[in-house]
1. Please verify whether VAL104 is at pLDDT 85 or above, open to solvent by 70 Å² or more (accessible area, probe 1.4 Å), assigned to a strand (DSSP E or B) and hydrophobic (A, V, I, L, M, F, W, C), treating the condition exactly as stated.
2. Considering segment 87-130 alone, what residues qualify as being of a type in the set (Val, Ile, Thr) and touching a residue at least 40 places away in the same chain (Cβ under 8 Å)?
3. Report the residue count in segment 15-33 for those that are under 16 Å from ALA92 (Cβ atoms) and either assigned to a loop (DSSP other than H, G, I, E, B) or at pLDDT below 85 (or both).
4. Would you check if THR121 is at pLDDT 85 or above and either assigned to a strand (DSSP E or B) or over 15 Å from the mean Cα position of the chain (by Cα) (or both)?
5. Of all residues in segment 137-167, which are part of a loop (DSSP other than H, G, I, E, B), more than 24 Å from the chain's Cα centre (by Cα) and surrounded by 10 or more Cβ atoms within 10 Å (Cβ to Cβ)?
6. Of all residues in segment 108-136 being more than 15 Å from LEU150 (Cβ to Cβ) and among the charged types (D, E, K, R), which is most open to solvent (accessible area, probe 1.4 Å)?
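The values are calculated or read from the model by the stated rules, or taken from the named source; none is laboratory data. Computed from a predicted structure; not experimentally measured. Note: ideal-geometry Cβ built from the backbone for every residue, glycine included; neighbour counts use all protein chains shown. We work out accessible area using only protein heavy atoms, side chains counted, and drop any ligands, DNA or RNA first. Shrake-Rupley method; radii C 1.70, N 1.55, O 1.52, S 1.80 Å.
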Amino acid sequence: SSFFCRRTMPTVEFSGAQDVDPVTGAVQWTNMPVNLTVTASDAVVGIDDLCTDGPRELGPCENDSDGNGVITFNLDPIAAADGGVVQRDVFATGTDLLGNQTTVSTPVRIDGAAPVVTITTTPAPNAADWNNTETEVTFTVTATDEGSGLEEVCLVTNDAEDCTVIELDENGEFT
């Protein structure tokens, strides 16, 4: 009689992952679709199943339908249900023919949504949108970005060709 003991797990790898900051090791944001391929292999017994939660619109797990151990999919911020921002880890699990499993993940950071900028004035203008008395007007600029964050806010006034970069306070405001 023969006995077979298997201690190695299947290999599961992502390719097409996003760029990583060489200093911090953090995944860098992009505003473009991300194409990912996940591959599972097992040279000894073969792959039984490969599953990924990458394309959530297809359900909780997209299986490798043709059994070749490869799934390719696209994550597009424009189609994202959460307002054009995708910030999550994508998981994949490969299972070999003996039931051994390996799960890996890769982070995805896509920002397809524009920042929100508002400007308010004090005192508020009249119904015709004017302040027609001699007064000092204060402008408050508020900017937010739910995805990658703000790089800078640039203030341009009356036909100016140049912009003035303004620093926002901890509440995202400049007065």
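1. On the way: at pLDDT 85 or above: yes; open to solvent by 70 Å² or more (accessible area, probe 1.4 Å): no; assigned to a strand (DSSP E or B): yes; hydrophobic (A, V, I, L, M, F, W, C): yes.
The answer is no for VAL104.
2. First, pick out the residues of segment 87-130 that are of a type in the set (Val, Ile, Thr): 90, 93, 95, 102-104, 106, 108, 110, 116-122.
VAL90, THR93, THR95, THR102, THR103, VAL104, THR106, VAL108, ILE110, listed by residue number.
3. At the first step, the residues of segment 15-33 found to be under 16 Å from ALA92 (Cβ atoms) are 15-18.
When the remaining residues are screened for being either assigned to a loop (DSSP other than H, G, I, E, B) or at pLDDT below 85 (or both), the result is 16-18.
Residues flagged as under 16 Å from ALA92 (Cβ atoms) and either assigned to a loop (DSSP other than H, G, I, E, B) or at pLDDT below 85 (or both) within segment 15-33 amount to 3.
4. Details: at pLDDT 85 or above: no; either assigned to a strand (DSSP E or B) or over 15 Å from the mean Cα position of the chain (by Cα) (or both): yes.
Against the criterion (at pLDDT 85 or above and either assigned to a strand (DSSP E or B) or over 15 Å from the mean Cα position of the chain (by Cα) (or both)), THR121 does not qualify.
5. Initially, segment 137-167 is screened for residues part of a loop (DSSP other than H, G, I, E, B), giving 137, 145-152, 156-163, 167.
With more than 24 Å from the chain's Cα centre (by Cα) added as a condition, the list becomes 137, 156-163, 167.
Across segment 137-167, the qualifying residues are VAL137, VAL156, CYS163.
6. GLU134
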